[in-house]
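Everything below concerns the one structure shown next.
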Amino acid sequence: MRKTHLFLILILICTTNSCNVYNFTGTGKIDAKTFQVNFFPNNAELVQPGLDRTFTLNLQDLIQNQTNLNLVKNGGDLTYEGEITDYRVTPMMATADITAAQNRLTIRVKVQFTNKNKEADNFDKTFEFFYDYPAAQQLSGPTLDSAVKIIFERITQDIFNESLAKW
């Protein structure tokens with residue numbers, strides 16, 4: 001009985017001690033209190049209106065929801081800036097009639113991350129993801145909204161992982 005109590009106490013100590021290093025979002029100890037996300041302009045050849053604002057807000061929301069960092073307009077300990085560099089639709093599969101059966105929307109975002117407190121973490125990197133949809137559908141309305149949501153969820157999570165989670 002006494003050994004069981006000691007074993008449970010040991011497990012409890014190890015569990016609570018490890019929570020000081022990692023949290024549920026996978027980030028380690030962050031040596032920062034504030035972050036800023038500068039506006040990401042859409043500099044792609046094909047411009048989809050509102051895409052730049054949507055991406056900027058999605059990145060801000062993700063970082064706010066998964067960390068205890070405070071969002072500031074300037075002078076942040078962590079700075080995210082960049083641009084949307086590519087927005088493209090390409091046919092992916094052909095039918096017997098030599099027409100597209102499926103199209104792919106690809107969005108590419110260039111990001112410069114700066115950590116004032118730890119310059120070794122700084123990076124300048126491009127992130128990209130895609131969404132496949134039937135060629136019979138127009139890329140507008142619900143199809144476009146769904147595509148952009150899925151693509152931006154993936155890209156913002158990749159940026160978060162690269163900058164804070166170190167995955």
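The values are calculated or read from the model by the stated rules, or taken from the named source; none is laboratory data. This one's a predicted model, so the numbers in the text were calculated from it and none came from an experiment. Reconstructed Cβ throughout: ideal geometry from the backbone, glycine too, with neighbour counts over all protein chains shown. Ligands, DNA and RNA are stripped out before the accessible areas are found, and what is left, the full protein with its side chains, is counted by its heavy atoms. Shrake-Rupley method; radii C 1.70, N 1.55, O 1.52, S 1.80 Å.
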Treating only Lys and Arg (+1) and Asp and Glu (-1) as charged, each at its beta carbon, one finds that the stretch 82-144 has a dipole about its Cα centre, in Debye to the nearest 20, of 120
Fully extended, how many nm does the chain gain between residue 138 and residue 31 (0.36 nm per residue separation, minus their Cα-Cα distance)? 33.9 nm
Could you provide, to the nearest whole Å², the per residue accessible area of the stretch 22-153 with probe 1.4 Å? 58
How many nm separate the modelled label positions at residue 106 and residue 162, each set 7 Å beyond the Cα in the direction of the Cβ? 1.6
Could you tell me which of rounded, prolate or oblate describes the stretch 25-167, using a ≥ b ≥ c as the square roots of the eigenvalues of the alpha-carbon gyration tensor, with rounded for a/c under 1.5 and, failing that, prolate when a/b is larger than b/c and oblate otherwise? prolate
